[in-house]
Structure formats: structure tokens, C-alpha cells
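Comments concern the structure below.
Read-outs throughout are calculated quantities, based only on the coordinates presented, and are distinct from any laboratory measurement. Predicted model, so just to flag it, every value in this text is computed and none were measured. Here the Cβ is made from the backbone with ideal geometry for all residues, glycine too, and neighbour counts use every protein chain on show.
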Amino acid sequence: MVGRNFLAHGGTQVWAQFDAPIRNYRGYPSALITEDFVRPPDADFAGGYLIQSLGVMPATYATSLVRGGGLWGEELMTALEHSRFTAGIGINGECLPSDRNRLELADETDEFGVPRACVSFSAGPNEQAIDGHATQTMTRIMEAAGGHHLRVLARTAHTLGTCRTSDDPAEGVVDGDLRSHDVPNLWICDNSVFPSSLSANPGLITMALALRTADRFLAG
């Protein structure tokens, strides 16, 4: 079971240019969040997504344009020249577990002789439906705000899963206390124990799980 059901939040972003300077890099990342679409009433998919504002440094924005938008050369430089007039919003979209999405050890090793990770991940029909709904929603929001020259950037965020929680050893790696089914006295309390991704940033949940797990093994 270890390595199966790799998860990642859908993280599609929609950016737009505005007539006045925005200087989004001065803003705090994810300063504004709405959960109105965590369970949208018109959904043809399971789960949903939250929408958040984006405040990114220029280098991060440039990386997103290259990786998510395929920009390079003159086109990339033109987009960066307009970056202070640009603002964006993005999603954290739910991801359903799938056995075909895995993290496995490659034959190749790093400089310390440790096998490198090989990740196989593809968005399924449900994730694609969420992304389509979210892209339409964010496009309408940016247009209503007066944005133009919209740009959609493909992205994922927050690696999760691969040591999922389940009371059934055939379905998971750890039990409800996050203790390994197979290895005595092994406890796991990071993002890997998530059985599904939900739509929230996993940081606070992971910290809470760490504290809860510490209480469990200190109690014996």
C-alpha cells in the first residue's frame, strides 16, 4: 500500500491585467479566501474547491508563467513587464484517491546512493470537471473586476497521500492513531496519511495531527 494513492490539490490560476498598478507582490499570499465553491450547487462532480487571492514575488510569477503557461523568450519578458498591473486568483481543488497515482522508487540514485522518487500522477475525470468549473468561475470574477488579457495557468499544489489512513490494513498503511499496520511502533504523522485531499491547505491539519500523534505514543 505504501506509495499508492498519491494526491495533489488542483491549483489552477487565472491572472488578468488591469489599467491601474496592482503590485500583487506586495500582498500576502492567500490573504482572501472564499469557500463558496467547496460544494457548489451546480456541480457535476464530487467535492469542490476554494478560491484564494494570490500574492507572489516576481521570480515565483515568472516560474508559473513558464511551467503553467508555457511562456518563454520575448513573450515571457512582455508578460513580466506588465506584472505590476497584474493580479491573480487560484484554487485549491479536491483530488480523489486513485490507485494509478503513485510515488515509487526509481532505479536511479542520488549523490548519497538513495533511490530517487518517481511520481506518476494524472488528473482523473472528477479533477478535470472541478478544474473546468473553477476556471469558468475565476474567469467571470476577473472579468467582472475589470481585468483583461486573461491568462490561465495550469498548476498543482501540496503533495498528499501514499501512506493513507484506514482501519483496514488492506486499504491503508496506518490506523486511526497513525500507527503502522505492518511495522511495530512506527508512527507516521505527515501529509502522506491523508486518505483524500479535501480543499484546504494541509499545513494546519498536519501540525494538529503531529500533536495528536505525540499524545498517542506518549500515552503508550
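Summary table below
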item	result
Residues that are touching a residue at least 60 places away in the same chain (Cβ under 8 Å) and either charged (D, E, K, R) or farther than 18 Å from ILE141 by Cα (or both), drawn from the range 25-41	GLU35
Residues being over 20 Å from THR139 (Cβ atoms) and in a helix (DSSP H, G or I) - total across the range 47-95	16
Top-ranked residue of the range 118-162 - restricted to ones that are in contact with a Leu (Cβ under 6 Å, 6 or more places away or on another chain) and in a strand (DSSP E or B), ranked as farthest from ILE205 (Cα to Cα)	VAL119
Hits in the range 48-98 (condition: more than 26 Å from ALA129 (Cα to Cα), of a type in the set (Phe, Trp, Tyr) and crowded, with 16+ Cβ neighbours inside 10 Å)	PHE85
The range 65-89 - residue that is in contact with a Lys or Arg (Cβ under 7 Å, 6 or more places away or on another chain) and not charged (D, E, K, R) and, of those, nearest to ARG151 (Cα to Cα)	GLY69
Residue match in the range 187-207 (condition: buried (at least 16 other Cβ atoms within 10 Å of the Cβ) and assigned to a strand (DSSP E or B))	yes
Top-ranked residue of the range 163-186 - restricted to ones that are in a strand (DSSP E or B) and hydroxyl-bearing (Ser, Thr, Tyr), ranked as nearest to GLN136 (Cα to Cα)	THR165
